[in-house]
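Asks: My structure is below; once you've seen it, I'll send some questions.
The values are calculated or read from the model by the stated rules, or taken from the named source; none is laboratory data. In this text, all values refer to a predicted model and were calculated from it rather than measured experimentally. Positions of Cβ are backbone-derived with ideal geometry, glycine not excepted, and every protein chain shown enters the neighbour counts.
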Amino acid sequence: MKAFLRKITGNHEVTLGIILVVLFIVVDILSGFKFHGLENIGDIFKNNALTLIMSLGMLCVLITGGIDISITGTLAFAGMTIGLLQKYNIIHNTLLLFVIAVAIGGACGLINGLIIAKGKVSPIICTLGAMYIYRGLAYVISNNQWASGEDVTSFSKFGNSAGPYIILALAFVIYFVVMKWTPFGRKVYAIGSNREAARISGINVDRVEIAVYTLMGVLAGLAGALSVSIYGSAQPNMQTGKEMDVIAACVIGGVAMSGGRGTVVGTLLGGIFYAVVYKALPLVGLEAIWQNLIKGVIILGVVIINVLTQRAMNRQALARREI
Amino acid sequence: MKRIISLILVAVMAVALLASCGETTTTTGAKYALVTKAAGNAYNEKEAEGFKAAMEAAGLTSSDYIIRHPEQATVEAQIAVINSLISQGVKSIAIAANDPNALSSVLADAKAKGIKILTLDSDVAPADRLTFCNQAGVQQVAQALIDAVLDLTGGEGDYAILSATSQATNQNAWIDAMKAIAAADSAKYGKLNLVEVAYGDDEPQKSTDQTQALLQKYPDLKVICAPTTVGVAAAAKVLQDKKSTVKLTGLGLPSEMAEYIGNDADHSCPYMFLWNPIDLGKLAAYASIALVDGKITGAVGDKFEAGNMENSPYTLTAVEGTNASEIILGAPFKFDPSNIGEWKSVY
């Protein structure tokens, strides 16, 4: 029993997993057992695919002790570009459009990375500026036009297929492997735990940092293409404010804002938790004006549990060492 | 490095200066001016088209009116345009304001020169203009929407509203008016049951979630009415992708909605509404002429002829809760399978 308790209180993922299961059951009961259907679960993943995918990039950024709030700007710039390419009948090849969106996202992320790593600009300042620039570019290229409906018919077929689920699954598997078993993953953690120590031990900190922000951009570009595909519409103001959802998903998943700590599994659980809350609130008969408030309370509650778990973990680790 | 940066900055400033000078100055001696929100927007082009058509229908030639599209949808760009119109000595300016307050001082300058100021599409503070050509009277929009719900439900049953944010002024006014209309005539609307007003915050993702939740919560739902362009498009996509039997109506952009409009089971939206920007431009043109000719002064109760427009003659009515006047264009324009093909390329 004691060992079981220790297992629960000693591990973020297990705690969060249990909270998630409880939440799911409660919501299912409150909604009159309409929540556990396959279609509903599919919708949960699809509607939050953007948040989930970008949370992987944000995980790495946060682990290095940084932050990127320009991601939805990048998303809009990439999404708007491929939307317009379709609107003006320049490109209609789905794969090519995805590649273009990813390339644009990567370029945006690379610029962030260079400014942060080489220019020694604080990540929040750099990406704050970048947020306006990339979002502004989306407005400039859109020239007051939206790309939607019939402009993106063939492209949005992809959003209705299994495509988004496959991309989501692949992204998580790749990140899981990279962060757990590759030198790159270990370098990211090393930088976040102790930047100076990492530098002295021969890690090229700048290069890793640039890579982390570039990957964040790549995922934001990918999310831009997915957004156009899933919602069948590209608007320059698309997904404004979603960067906070992405950061929230990471934080719920136990990623430390101070860097050095966080896992892919935790982020996945955090993202799903957020998605379930998002989906559940309108369904359980809560009045609309209360939904944001409740969402905030739930997020804060989970984060507090996370902090308590972390303390318990630290204590246990200390106790073990004393033995 | 510093030198390069300063060079770039200078170049950017030069380009910005050139851009703001880039507006073409056309005919002088024009009497009636139209200032739209910005160039390069199909919706604004249609307003201008209507303005031009009405001017010509009233027997005026292209030297009598002037249409200016600011380079950007900003107040600054509009101020520059208005200043140049003042110096050209126009008699009237009809403007779709990019900001309700920031044009105040330049409009006061124009007024001091005896220029008649009116607004269309987006109003300014009532003190700064004589009247406002309102594309969407609250009552007219609400009436069209509740009648569409009545029609699509077949006269009875559950319907839901998917709105923008819970604080959106326009949407709340429309929804309240819909409820009031339904309550006032229970013989006609009594069998309609509004199950919920959901808020998608004009965000595709949240609107999608809310639509899906409505479908799950209310198995007997017949119609969703979404009086917001983002919400209606998101709901249309959800219903169509799920091949739901629930029907949709609301206010939407034809270009956004073309794919979803149709009378068969494969389309989720049989018809929806929005205003007609061409008619709004026409109304602004006739109101400009009437103001300059002194037939109206902008006072509530004034009446004027508007050529062959459907609702002519128009009467100036009071903006709710004030004594400022407005001219309501009429019932919103209905987009259905017969005309959507033509309108989807317009805006």
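Asks: Looking at (1) modelled with pLDDT under 90; (2) within 8 Å of chain A (Cβ to nearest Cβ), which is the one condition that is false for B:ALA198?
Replies: Only one criterion is unmet by B:ALA198, namely (1).
Asks: Which of the residues belonging to the range B:10-63 are assigned to a loop (DSSP other than H, G, I, E, B), modelled with pLDDT of 65 or more and not β-branched (Val, Ile, Thr)? Explain how you work it out, then say what you get.
Replies: Filtering the range B:10-63 down to residues assigned to a loop (DSSP other than H, G, I, E, B) leaves B:22-31, B:36-41, B:58-63.
Narrowing further to those that are modelled with pLDDT of 65 or more: B:29-31, B:36-39, B:41, B:58-63.
Result: B:GLY29, B:ALA30, B:LYS31, B:LYS37, B:ALA38, B:ALA39, B:ASN41, B:ALA58, B:GLY59, B:LEU60, B:SER62, B:SER63.
Asks: Kindly indicate which of A:ILE44, A:ILE29, A:ILE63, A:ILE19 is farther than 30 Å from A:ARG261 by Cα and touching a Phe, Trp or Tyr at 6+ places or on another chain (Cβ under 9 Å).
Replies: A:ILE29
Residue-by-condition table, conditions (1) surrounded by fewer than 24 Cβ atoms within 10 Å (Cβ to Cβ); (2) under 19 Å from the mean Cα position of the chain (by Cα):
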| position | (1), (2) |
| --- | --- |
| B:ALA80 | yes, no |
| B:ASN83 | yes, no |
| B:LYS91 | yes, no |
| B:ALA96 | no, yes |
| B:LEU103 | no, no |
| B:ALA108 | yes, no |
| B:ALA112 | yes, no |
| B:ILE115 | yes, no |
| B:THR119 | no, yes |
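Asks: Do you know which of the residues in the range B:241-268 that are buried (at least 24 other Cβ atoms within 10 Å of the Cβ) and assigned to a loop (DSSP other than H, G, I, E, B) is nearest to the other protein chains (Cβ to nearest Cβ)?
Replies: For the range B:241-268, the residue satisfying everything is B:GLY252.
Asks: Could you run through the range A:237-283 and say how many residues are buried (at least 22 other Cβ atoms within 10 Å of the Cβ) and part of a loop (DSSP other than H, G, I, E, B)?
Replies: 6
Asks: Among the listed residues B:THR119, B:THR131, which satisfies the condition of being in contact with a Phe, Trp or Tyr (Cβ under 9 Å, 6 or more places away or on another chain), of a type in the set (Ser, Thr, Tyr) and over 29 Å from B:PRO270 (Cα atoms)?
Replies: Every option except B:THR119 fails the conditions.
Asks: Run down A:ASP206, A:ASP245 and say which single residue is charged (D, E, K, R) and more than 13 Å from the chain's Cα centre (by Cα).
Replies: Checking each option against the conditions leaves just A:ASP206.
Asks: From (1) without any contact (Cβ under 8 Å) to a residue 60 or more places away in the chain; (2) not in a loop (DSSP other than H, G, I, E, B), pick out the condition that doesn't hold for A:VAL152.
Replies: Only one criterion is unmet by A:VAL152, namely (1).
Asks: Can you pull out every residue in the range B:279-298 that is under 18 Å from B:ASP121 (Cβ atoms) and of a type in the set (Lys, Arg)?
Replies: Restricting attention to the range B:279-298, the residues satisfying the condition of being under 18 Å from B:ASP121 (Cβ atoms) are B:279-288, B:291, B:298.
Answer for the range B:279-298, where residues must be under 18 Å from B:ASP121 (Cβ atoms) and of a type in the set (Lys, Arg): just B:LYS282.
Asks: Could you grab me the full set of residues in the range B:91-102 that are assigned to a loop (DSSP other than H, G, I, E, B) and under 16 Å from B:HIS69 (Cα atoms)?
Replies: Hits for the range B:91-102 are B:ALA96, B:ALA97, B:ASN98, B:ASP99.
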